[in-house]
Amino acid sequence: VQKYCSQLPVAVIGDILGVPDKDRSRILHFGELAAPSLDIGLTWKQYLQVQDGIAGFNTWLAQHLQQLRRNPGDDLMSQLIVASEDGAQLSERELQATAGLVLAAGFETTVNLLGNGIRMLLDTPQHLETLSARPQLWPNTVEEILRLDSPVQMSARVARTDIDFAGEAVKRGEIVILHLAGANRDPKVFTDPH
């Protein structure tokens, strides 16, 4: 996972954000610190580590965006910096939010997807042989890996208002936990969910 699964997303994210090779290890470090933010019920120590990772990324990013403004490259972030519509450009906050989303959405989930997928295929070599013979099946394979061993098993939301959801009363401020792993194996949707 450390030698391949975490390196590939950092390389892609680095390309998107225009990150120089010398800074890619820093992006990996920030991503690893911030990754637990996807989990429910962090300890105070974990929360502080997440905040350190986010603060470190934001500090680095502010400097990086200034550098890209002075010397734009052909990466997506440089294109967003120079792009305008009727003279209006993205604000610093919008650029930082976009870069943060790219890191948050592309790092930990992709690391886990790659690790889970490699493990699943090594555990079932007959499927790996099928994919070698029929590479057109890869897109469906990725979808099945996501379904069978989702990189995010559950998520939580806090109700902003009182609501009736599927016959259940949810009060404002209550936490609703979404079991994605269960939904991905719902026998009402999948004939043979496993």
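The values are calculated or read from the model by the stated rules, or taken from the named source; none is laboratory data. Everything numeric here is computed off the predicted structure, so don't read it as measured data. Cβ sites come from the backbone with ideal geometry, for glycine too, and all protein chains shown count toward neighbours. Protein only, heavy atoms only, side chains kept; ligands, DNA and RNA dropped before computing areas. Shrake-Rupley method; radii C 1.70, N 1.55, O 1.52, S 1.80 Å.
Below are the figures for this structure:
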{"read-out": "Charge dipole (debye, nearest 20) of segment 59-136; +1 at Cβ of Lys and Arg, -1 at Cβ of Asp and Glu", "value": "180"}
{"read-out": "Listed residue (His29, Ala62, Gly14) projecting farthest to the positive dipole end of segment 1-67, Cβ model", "value": "His29"}
{"read-out": "Loop chymotrypsin sites (Phe, Trp or Tyr not before Pro), segment 1-72, which have at most 12 other Cβ atoms in a 10 Å radius of their Cβ (DSSP)", "value": "Tyr4"}
{"read-out": "Dipole in debye (nearest 20) - segment 11-161, about Cα centre, beta carbon charges: Lys, Arg +1; Asp, Glu -1", "value": "340"}
{"read-out": "Inter-probe distance in nm under a simple model that places probes 7 Å from Cα toward Cβ, at Thr130 and Glu85", "value": "4.4"}
{"read-out": "Modelled FRET efficiency - R0 41 Å, Asp123 with Asp21, Cβ distances, 0.05 increments", "value": "0.75"}
{"read-out": "GNM top mover of Ala35, Ala62, Ala99 - the chain, alpha-carbon springs below 10 Å", "value": "Ala62"}
{"read-out": "Estimated FRET transfer efficiency (Thr161, Lys3; beta-carbon r; R0 45 Å; 0.05)", "value": "0.45"}
{"read-out": "Mean Cα-pair separation over length for segment 124-178, i.e. relative contact order, pairs under 8 Å, 6 or more apart, %", "value": "26"}
{"read-out": "Percentage relative contact order, segment 58-115, counting C-alpha pairs under 8 Å, at least six apart", "value": "24"}
{"read-out": "Cα shape, segment 46-194, gyration tensor, a/c 1.5 rule", "value": "oblate"}
{"read-out": "Partner lysines for Lys22 [C-alpha distance under 22 Å; skip if fewer than 8 residues away on the same chain]", "value": "Lys3"}
{"read-out": "Contact order normalised by residue count of the chain, Cα under 8 Å, 6+ apart, percent", "value": "19"}
{"read-out": "Segment 80-194 - accessible surface per residue (Å², probe 1.4 Å)", "value": "71"}
{"read-out": "Accessible surface of segment 116-186, 1.4 Å probe, proportion on carbon and sulfur as whole %", "value": "58"}
{"read-out": "Dipole of segment 78-194 [Lys/Arg +1, Asp/Glu -1 at C-beta], most positive-end residue of Pro187, Asn112, Gln79", "value": "Pro187"}
{"read-out": "Added length on full extension, which subtracts the Cα-Cα distance from 0.36 nm per residue, Thr43 to Ile177", "value": "46.4 nm"}
